[in-house]
Amino acid sequence: MHEMGIAMEILDIVQASIPADMADVRVQRVNLKVGRLSAVIPDSLRFCFGVAADKTAAAGAALVIEEIDVAARCNDCHHEWTVETPVFLCPACNSGNTEMLSGRELEIVSIEIAEEEPPHVDL
Amino acid sequence: MWIFDKTARRRHHDGHKGDGLPSRHDTAVESQRSGSREIKVVRRVLDANDMLAARNRELFAAKGIFTLNLMSSPGSGKTTLLEKSLARLMPDLRCAVIVGDICTTQDADRLAASGAPVVQINTDAFGGECHLAAHVIEKALTGINLDAVDLLIVENIGNLVCPAEFDIGEDRRVVVLSVTEGEDKPAKYPLMFRECDALLLNKIDLLPYLDYDTAKTLISIEQIHPGMPVFQLSAKSGEGLEDWLAWIRAQINAKKKAPSS
């Protein structure tokens with residue numbers, strides 16, 4: 001539901017990440033990491049970003065989303081595992097003393113900008 | 001988003017190969033010069049919100065205010081719970097409330113009867129947002145005399161998804177679940193039940209009329225958030241309310257004793 005707000009945050013960060021000396025650039029790709037336990041639906045986010053980025057340097061840019069598995073560790077027996085269903089009890093010793101290692105990411109890793117055109121391409 | 005089906009996960013991937021080349025999708029962009037320049041960013045998307053939340057948290061610490069972020073689905077009984085809670089806390093704790101709703105001031109009107117200062121936020125002024133973000137709280141704080149507040153309660157927008165993602169600078173997050181919503185809600189909204197520090201299981205006065213199985217909820221909570229305190233109560237009858245209020249007081253005292261940063 002809040003993907004538009006998140007898309008606008010992404011757009012702000014993307015625009016701020018374009019080096020000041022690069023005028024009139026077009027962002028081709030925005031590389032994101034999204035944890036599987038974040039409240040973001042990738043398809044909705046892509047749609048919202050497309051709308052938000054219209055008429056900006058990121059218009060038409062692809063949002064490339066790497067989904068990050070939920071990983072957890074048991075503080076009692078030190079077992080580490082990938083959480084496939086929302087159960088955070090240790091599968092090895094059934095302890096509830098566990099912590100999440102990943103799965104809550106919502107990060108912009110990088111942006112990719114098209115290389116500049118050579119000066120005289122038009123014939 | 002939590003998706004258990006592996007094929008569905010794959011479908012969510014973009015389909016671009018990780019070769020750094022522009023995809024066919026981007027042919028308008030210099031396709032004949034297939035290079036692109038990658039600029040490292042490595043920033044959390046919600047950085048701006050988190051920075052404002054940290055600022056709110058510093059302000060609360062400076063003023064000695066304990067802040068609760070109360071979340072739930074619509075109709076779980078948050079406002080009734082607050083009315084009853086404020087009535088019992090107010091004699092010895094100075095309380096203030098920020099109420100978020102998409103529309104109307106009905107909740108604020110009800111809560112104002114307690115005598116606590118109440119600020120209503122209508123998010124339609126912010127585009128009908130489904131959650132309260134840190135900047136909205138910061139703005140609402142200007143309507144409260146913070147020197148006269150010990151406990152600030154933020155009643156978030158009724159929604160079990162989005163508010164879980166947004167830090168507002170609170171000390172503790174509490175989720176309210178009413179027994180009329182069904183036992184499956186923690187498993188369906190695991191992020192909310194992971195992120196919150198306590199669960200209030202409300203409307204237990206209705207249990208004789210429902211097929212609701214409390215044990216199933218408790219098992220589910222133990223799986224999703226092992227050790228999370230659960231308070232079974234009825235805001236309407238007052239049953240179980242004392243344990244929840246004692247928890248709030250204990251949390252406030254713990255914050256006072258903790259070395260301030």
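Of the helices (runs of 4 or more DSSP H) lying entirely inside region B:114-210, the ones with 2 or more residues being surrounded by fewer than 18 Cβ atoms within 10 Å (Cβ to Cβ) and modelled with pLDDT of 90 or more are found at B:134-141.
A single entry from A:SER38, A:SER95 fulfils the requirement of being among the hydroxyl-bearing types (Ser, Thr, Tyr) and at pLDDT 95 or above: A:SER95.
In region A:16-44, which residues are under 23 Å from A:GLU84 (Cα atoms) and either of a type in the set (Val, Ile, Thr) or in contact (Cβ under 8 Å) with a residue 40 or more places away in the chain (or both)? Once the filter is applied, which keeps residues that are under 23 Å from A:GLU84 (Cα atoms) and either of a type in the set (Val, Ile, Thr) or in contact (Cβ under 8 Å) with a residue 40 or more places away in the chain (or both), region A:16-44 yields A:LEU32, A:LYS33, A:VAL34, A:GLY35, A:ARG36, A:LEU37, A:SER38, A:VAL40, A:ILE41, A:SER44.
Inclusion of B:ALA87 among residues that are farther than 14 Å from B:ASN69 by Cα, in a helix (DSSP H, G or I) and open to solvent by 40 Å² or more (accessible area, probe 1.4 Å) is warranted. If the condition is being open to solvent by less than 50 Å² (accessible area, probe 1.4 Å) and either modelled with pLDDT under 95 or more than 26 Å from A:ALA7 (Cα to Cα) (or both), then region A:107-117 contributes A:ILE113, A:ALA114. When you check B:SER220 against the structure, is it surrounded by fewer than 17 Cβ atoms within 10 Å (Cβ to Cβ) and either under 18 Å from B:THR80 (Cα atoms) or of a type in the set (Ser, Thr, Tyr) (or both), yes or no? Judged against the criteria, B:SER220 is not a match.
The values are calculated or read from the model by the stated rules, or taken from the named source; none is laboratory data. Since the model is a prediction, treat every value here as computed from it, not as a measurement. No Cβ is skipped: glycine too gets one built from the backbone with ideal geometry, and neighbour counts run over all protein chains shown. All accessible areas refer to the heavy atoms of the entire protein, side chains included, with ligands and DNA or RNA removed. Shrake-Rupley method; radii C 1.70, N 1.55, O 1.52, S 1.80 Å.
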